[in-house]
1. When the residues of the range 345-367 are narrowed to those that are surrounded by fewer than 17 Cβ atoms within 10 Å (Cβ to Cβ) and among the polar types (S, T, N, Q), which ends up nearest to THR292 (Cα to Cα)?
2. Counting only residues that are outside any helix (DSSP H, G or I) and under 24 Å from ALA197 (Cα atoms), how many does the range 102-150 have?
3. Could you please find all residues in the range 150-163 being under 21 Å from ASN181 (Cβ atoms) and modelled with pLDDT under 90?
4. Would you please list the contacts, defined by Cβ atoms under 7 Å and residues six or more apart or on different chains, that run from a residue in the range 145-160 that is under 20 Å from ILE26 (Cα atoms) and within 13 Å of the ligand (Cβ to nearest atom) to a residue that is assigned to a helix (DSSP H, G or I) and at pLDDT 90 or above?
5. Give VAL187, VAL206 a once-over and let me know the one that is crowded, with 18+ Cβ neighbours inside 10 Å, away from the ligand (no atom under 16 Å from the Cβ), among the aliphatic types (A, V, I, L, M) and in the same structural domain as ASP111 (by the TED database).
6. Can you pull out the residues in the range 1-23 that are under 14 Å from LYS203 (Cβ atoms) and crowded, with 20+ Cβ neighbours inside 10 Å?
7. If GLY153 satisfies every condition in (1) surrounded by fewer than 23 Cβ atoms within 10 Å (Cβ to Cβ); (2) out of contact with any Pro (no Cβ under 8 Å at 6 or more places or on another chain) but one, which is the exception?
8. Looking for something of a type in the set (Lys, Arg) and within 16 Å of the ligand (Cβ to nearest atom) - is there at least one such residue anywhere in the range 78-95?
Amino acid sequence: MPTIAFNNIVKKFGALTVIENLNLEIGDGEFLVLLGPSGCGKTTLLNLLAGLLEIDGGEIRIGERDVSYLDPKDRGLAMVFQSYALYPTKTVRGNMNFGLSSRGISREEADKRIAWAAKLLQIEHLLDRKPSQLSGGQRQRVAIGRALVKQYGVCLFDEPLSNLDAKLRNEMRIEIKKLHNQLKNTVVYVTHDQVEAMTMATKIAVMDKGVIQQFGTPDQIYNEPANLFVADFVGSPAMNVLNCTVKQNGSGLVAVDEPNAVSINLDAYKWKNKGVAGSAVKVGFRAEDFFTEPHEDGGETVRFDCPVEYFEKSGADAFAFLTLAGRTIAVRIDGRNANRYRGRTDLPVYLPLDKLNVFDAQTGQRL
Ligand code: ATP
């Protein structure tokens with residue numbers, strides 16, 4: 001199965017450059033998610049790979065082949081669209097067969113593949129129905145089946161779950177992931193849904209404004225966001241961020257927020273590049289990094305005493321929204337014991353100092 005490489009890709013629509021000098025490599029068997037907000041260029045990038053759009057510069061390679069200017073049908077890629085794109089007049093079987101007969105695959109082989117994919121996707125009983133006689137989830141399965149029967153090493157998905165309700169979306173997410181575990185094909189999957197990205201991807205490329213902001217495993221993206229955009233886009237609730245200035249404190253450094261309400265010792269932070277006194281930084285921490293009780297073992301913590309704005313509970317998850325340094329911060333609390341917080345107007349919280357994320361306030365880059 002091939003490695004996909006985008007080398008110095010440029011794409012313009014008229015005067016608008018939507019992708020400028022983009023580089024990305026996708027390994028064999030990888031489940032690569034292109035994640036980013038609406039309009040960031042992820043569908044454009046997928047369509048360039050599929051050959052549905054033409055690049056204005058650079059090169060796309062699949063394995064040994066330069067496919068930059070090949071016809072879509074010659075690239076050896078299967079694609080599943082958001083809209084499913086099923087032929088309404090053909091049956092499920094006819095839809096799945098369509099790309100096979102045109103490629104000269106024998107009737108016998110086509111039947112074999114359709115039976116295999118239908119079994120895998122549990123749509124055997126639907127093969128003689130038309131798309132109008134199917135639910136949204138069933139149509140999505142057929143669209144995936146039609147891609148699978150081609151038995152290409154690479155499958156592209158463009159927001160395949162966005163037309164499904166929440167329950168079905170969760171189910172299909174697991175199905176697609178199971179399928180990938182089984183087939184070990186290379187997947188390029190476009191979504192703006194960070195839960196899909198975090199749960200399905202082996203690698204994520206986070207995009208904004210046509211630029212890859214970070215490329216890494218879901219853990220790297222979540223735990224070590226490369227910049228403020230990634231820190232803010234990935235995670236729910238979004239990462240808490242305080243505007244601070246670095247100050248000298250004896251032999252060490254502290255980050256002090258602008259109203260001087262908090263002072264955070266930076267010595268425990270594993271800075272790649274220690275900030276200098278006087279520089280403006282943004283200090284980020286996630287809702288689940290806090291303890292709500294003093295914490296004996298582990299590293300140093302800083303205590304904040306915060307007025308409570310409100311509590312939010314959803315099943316086992318609960319969050320306290322607190323005021324710190326004039327901002328609202330989210331702190332995760334134990335949803336099973338959320339009642340003990342009822343009526344509280346203030347809450348002490350303890351932040352482990354090794355959990356900090358520090359960003360340059362000017363460039364937004366992680367320090
Ligand atoms: P979404 O999640 O909303 O689909 P996206 O990240 O996939 O967003 P693209 O569809 O790739 O974004 O669009 C990237 C940018 O290119 C947007 O600013 C969009 O308006 C612009 N664009 C896309 N297609 C065209 C086109 N055919 N002509 C002109 N501009 C386009």
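1. It comes out as THR345.
2. Of the residues in the range 102-150, 1 are outside any helix (DSSP H, G or I) and under 24 Å from ALA197 (Cα atoms).
3. Selection gives LYS150, GLN151, TYR152, GLY153, PRO160, LEU161.
4. Listed by first residue and then by second, the contacts come to LEU156/LEU46; LEU156/LEU49; LEU156/ALA50; ASP158/THR43; ASP158/LEU46.
5. Result: VAL187 is the single residue among VAL187, VAL206 that is crowded, with 18+ Cβ neighbours inside 10 Å, away from the ligand (no atom under 16 Å from the Cβ), among the aliphatic types (A, V, I, L, M) and in the same structural domain as ASP111 (by the TED database).
6. Within the range 1-23, ILE4, PHE6 qualify.
7. (2)
8. No - not one qualifying residue is present in the range 78-95.
The values are calculated or read from the model by the stated rules, or taken from the named source; none is laboratory data. What you see is a predicted model; the values in this text were computed from it and never measured. Please note: Cβ atoms are built from the backbone with ideal geometry, for glycine as well, and neighbour counts cover all protein chains shown.
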